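Asker: This is the structure, below, for whatever I ask next.
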Amino acid sequence: MCGIAGFISKDAAETAGRERLLDAMCRVITHRGPDEQGTIVKDRAALGMRRLSIIDLKSGQQPIFDCSGNLAIVFNGEIYNYRDLKKDLEARGHKFKTHSDTETIVHAYEEFGADCVKFLRGMFAFAIYDFRDESLFIARDRVGKKPLFYSLMRNGDLVFGSELKSLLEFGIDREIDYAALDSYLTFGYVPEEFCIFKGVRKLLPGHFLKFQNGSVTTNQYWDFDYSGTDDAKTEAEYVELVRDKLREAVRIRLVSEVPLGAFLSGGVDSSSIVALMSEFSETPVKTFSIGFNEDTFSELKFARVAAKRFETEHHEFIVTPDLVEVVDQLVWHFDEPFADSSALPTFMVSKMAREFVTVVLTGDGGDELFAGYTRYAIDKRRSGLEKLPASVRRSLLRPLSEALPAGAKGRNFLYNTSLDAVDRYIDSVSHFGKLKKASLYSSSMRANLDGRDGGADAIFRDHASKPSSGDPTDRLLYLDGKTYLPSDILTKVDRMSMAASLEARAPLLDHELIELVQKIPAGLKLKGLETKYIFKKAMEGIVPDEILYREKQGFGVPINEWINAELKNRIREDLRARKTVERGYFEAKYIETLLDEHERGRRDHSHSLWILWMLELWHRRYVDKGT
């Protein structure tokens with residue numbers, strides 16, 4: 001696991017200056033790879049990386065070249081099938097100098113060109129420079145486990161990096177993209193199609209990029225495919241297929257030359273991963289859990305059930321309010337505004353795990369793959385309202401909701417049920433939806449948005465239109481797979497694990513497992529209102545029933561309690577500060593209303609206040625300080 005950074009200059013400028021710049025871009029992401037730094041500045045190319053040594057500890061230093069020295073690669077990630085791929089490439093005449101998965105990629109590119117990505121099973125973001133034709137090839141894994149930012153500068157230079165902060169070292173403009181800001185306030189994260197700074201883009205999951213002669217082109221090589229089942233199988237057959245493929249996905253992720261463990265929340269997904277790890281491990285699996293003093297949010301009792309059942313070497317950590325001082329660290333690590341409060345315990349459990357291991361397996365992706373979120377069941381219940389003519393819903397329910405005062409009970413429900421299916425779901429996953437924005441946004445903010453939303457809604461609608469299976473659940477699974485999964489879940493896990501110099505692997509997001517599960521009828525994932533049905537069936541007899549069939553809790557954080565106590569004064573001071581108000585994004589009176597109603601217990605505005613506070617802390621760190 002590593003972090004990569006680099007740039008391609010329009011002209012082969014003075015070498016020493018480029019070396020210093022590349023060094024700064026790499027050193028700012030030292031947390032991603034504390035073991036060593038590797039760079040090359042040659043001709044127009046400057047490629048660098050920070051390495052967290054996992055495979056081929058002695059000879060896996062990067063950049064790595066092909067046999068001719070014409071191709072150089074820097075790579076972030078892990079390729080789990082690299083040994084089989086290496087054998088195939090050797091049979092084709094390729095000679096290897098190392099035992100690393102990195103070298104396998106560069107030889108695959110030499111052999112297959114851009115199609116090399118189709119042979120890679122794992123997580124990755126890598127850049128290959130060809131000194132012969134002065135071209136750069138960058139690719140990102142299928143679901144977006146590993147990040148990649150890039151920018152084509154006005155002078156024709158291309159700059160890229162695993163984290164936005166590397167590009168900031170290069171000197172990109174810090175002009176706010178209001179569409180990205182609007183999207184953040186809507187969803188609590190900046191979607192893959194946006195970046196908080198204008199002129200910077202994220203390479204989308206399942207895409208590759210080619211840069212040559214000052215021009216950037218991108219192509220998609222993989223996507224989720226919800227086009228329906230290929231052939232009819234029985235439930236029992238699907239159960240067996242899922243169980244076998246998941247076992248394989250776990251097994252190949254146990255390859256490591258450094259200590260390895262697992263996050264264990266006590267939920268279905270992480271417990272299943274630990275169960276299968278224990279089947280392959282000759283020694284007790286090291287497991288790590290996080291909890292809270294507030295019982296409502298703590299899942300430790302279920303994690304202990306799993307740890308006892310699988311006889312793991314179990315470690316626990318209790319997150320207390322005094323640890324919120326690490327929030328400033330989190331803001332720095334995320335680069336963009338990010339408001340998923342579960343990042344805090346993710347960071348703490350990563351720090352704890354790093355004291356014992358260098359690699360962990362996680363249960364991430366199970367909800368998006370097997371329809372595990374309760375919101376899928378809620379949407380299914382509300383879909384019955386679609387029997388009402390759209391004209392009735394729009395002319396009766398929507399005007400009624402808009403006529404009610406802000407915060408009135410039932411206002412949001414009436415508005416949500418007045419919407420068509422996709423818009424209803426988008427509204428249900430929005431933090432600041434259209435109704436709230438009408439009160440939140442200042443005239444200046446609305447002017448910067450040209451009187452429209454930032455465009456995320458249109459992108460979400462487009463995603464939801466892609467599945468052709470005809471099942472509404474598939475539509476939502478595809479939408480979450482393109483949005484919430486990479487932009488929230490995987491961003492959180494990547495940044496927080498890498499902040500602790502810890503590699504996180506997600507067997508449930510193995511692309512072969514995904515391709516199998518996509519072909520299973522949606523009715524076997526969300527059966528009636530029971531979420532994750534087929535996955536639970538596959539894990540019966542392996543994971544205790546008290547874990548499989550308990551009520552879903554989620555990775556919640558007692559933000560409401562903390563905002564009312566330890567964080568109360570700081571949040572009020574920050575959101576009321578003159579420089580906060582003078583940014584001109586929001587109506588100060590509405591912010592006062594949120595603070596006042598929350599303090600008096602009239603309404604729970606904890607998530608709204610957290611989103612606004614995270615934005616303000618980000619602004620102070622990345623815009624005011626210019627850090």
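The values are calculated or read from the model by the stated rules, or taken from the named source; none is laboratory data. Computed from a predicted structure; not experimentally measured. Cβ: placed from backbone, ideal geometry, glycine included. Neighbour counts: every protein chain shown. For the accessible areas, the whole protein counts, side chains as well, though only heavy atoms, and no ligand, DNA or RNA atoms are used. Shrake-Rupley method; radii C 1.70, N 1.55, O 1.52, S 1.80 Å.
Asker: Using a Cα-Cα cut-off of under 18 Å, which lysines could be cross-linked to Lys568, ignoring same-chain neighbours fewer than 8 residues away?
Answerer: Straight-distance partners of Lys568: none at all.
Asker: Normalise the Debye intensity by I(0) for the stretch 13-143, one equal point scatterer per Cα, no solvent, then take log10 at q = 0.09, 0.12, 0.19 Å⁻¹ and round to two decimals.
Answerer: After summing over all Cα pairs, the log10 values are -0.24, -0.44, -1.11.
Asker: From the P(r) of the stretch 268-320, can you give the percent of Cα pairs sitting at distances over 15 Å?
Answerer: Cα-Cα pairs of the stretch 268-320 separated by over 15 Å account for 43 percent.
Asker: Going by Cα centres, the stretch 527-546 and the stretch 61-99 are how many Å apart?
Answerer: 40
Asker: If you roll a 1.4 Å probe over the chain with all protein chains in place, what percent of the accessible area is carbon or sulfur?
Answerer: 48
Asker: Taking only protein heavy atoms and a 1.4 Å probe, what accessible area per residue, in Å², does the stretch 497-575 have with all protein chains in place?
Answerer: 34
Asker: What ratio of Cα Rg to 2.2 N^0.38 Å holds for the stretch 477-608?
Answerer: Rg over 2.2 N^0.38 Å, computed on Cα atoms: 1.49.
Asker: Could you give log10 I(q)/I(0) at q = 0.15, 0.25 Å⁻¹ for the stretch 204-260, computed by the Debye formula over C-alpha point scatterers of equal weight, without solvent?
Answerer: For the stretch 204-260, the Cα-only Debye profile gives -0.81, -1.01.
Asker: With all protein chains present, calculate the accessible area of Val360 using a 1.4 Å probe and round the result to the nearest 10 Å².
Answerer: Approximately 0 Å² of Val360 is accessible to the 1.4 Å probe.
Asker: Separation of the stretch 211-242 and the stretch 574-627 by C-alpha centroid, Å?
Answerer: That distance is 41 Å.
Asker: Related question: Report the dimensions of the stretch 162-306 along its three principal axes from the alpha-carbon atoms, largest first, rounded to Å.
Answerer: Here the Cα extents, ordered largest to smallest, are 52, 49, 37 Å.
Asker: Another one. I'd like the antiparallel share, as a percent to the nearest 5, of DSSP beta bridges with both residues in the chain.
Answerer: Given both bridge residues lie in the chain, the antiparallel proportion sits at roughly 75 percent.
Asker: Quick one: how many Å² of His207 are accessible to a 1.4 Å probe, rounded to 10?
Answerer: Counting only protein heavy atoms, the figure is 30 Å².
Asker: Plugging the Kirkwood radius over Cα pairs into Stokes-Einstein for the chain, at a temperature of 25 °C and a viscosity of 0.890 mPa s, what D comes out in µm²/s?
Answerer: Translational D for this selection: 96 µm²/s.
Asker: Right, something else. Once Rh is set to the Kirkwood radius over Cα pairs, what Stokes-Einstein translational diffusion coefficient, in µm²/s, holds for the stretch 412-492 at a temperature of 10 °C and a viscosity of 1.306 mPa s?
Answerer: 113
Asker: Can you show me the helix-derived [θ] at 222 nm for the chain, built from DSSP H runs with n ≥ 4 at -39,500 (n - 2.57) apiece and divided by the number of residues, rounded to the nearest 500.
Answerer: -11500 deg cm²/dmol
Asker: Starting from the exponent 0.38 and prefactor 2.2 Å, build the expected Rg for the stretch 174-231 from its residue count and divide its actual Cα Rg by it.
Answerer: So the Cα radius of gyration is 1.51 times the expected 2.2 N^0.38 Å.
Asker: Might you work out the accessible area of Ile172 for me, using a 1.4 Å probe with all protein chains in place, and round it to the nearest 10 Å²?
Answerer: 10
Asker: Restricting to Cα atoms and excluding each atom paired with itself, what does the Kirkwood estimate give for the stretch 238-354 in Å?
Answerer: 15.7
Asker: Tell me the net charge near Arg247. Cut-off is 13 Å between Cβ atoms, Arg247 excluded, with +1 for each Lys or Arg and -1 for each Asp or Glu.
Answerer: -2
Asker: Rolling a 1.4 Å sphere over the protein heavy atoms, what is the accessible area per residue of the stretch 444-495, to the nearest Å²?
Answerer: 37
Asker: Turning to a different aspect of this structure: State in Å² the accessible area per residue of the stretch 75-125; use a 1.4 Å probe, count heavy atoms of protein chains only, and round to the nearest integer.
Answerer: 40
Asker: With just the Cα atoms of the stretch 2-73, tell me how far they stretch along each of the three principal axes, in Å, largest first.
Answerer: Principal extents (largest minus smallest coordinate, Cα): 36, 31, 14 Å.
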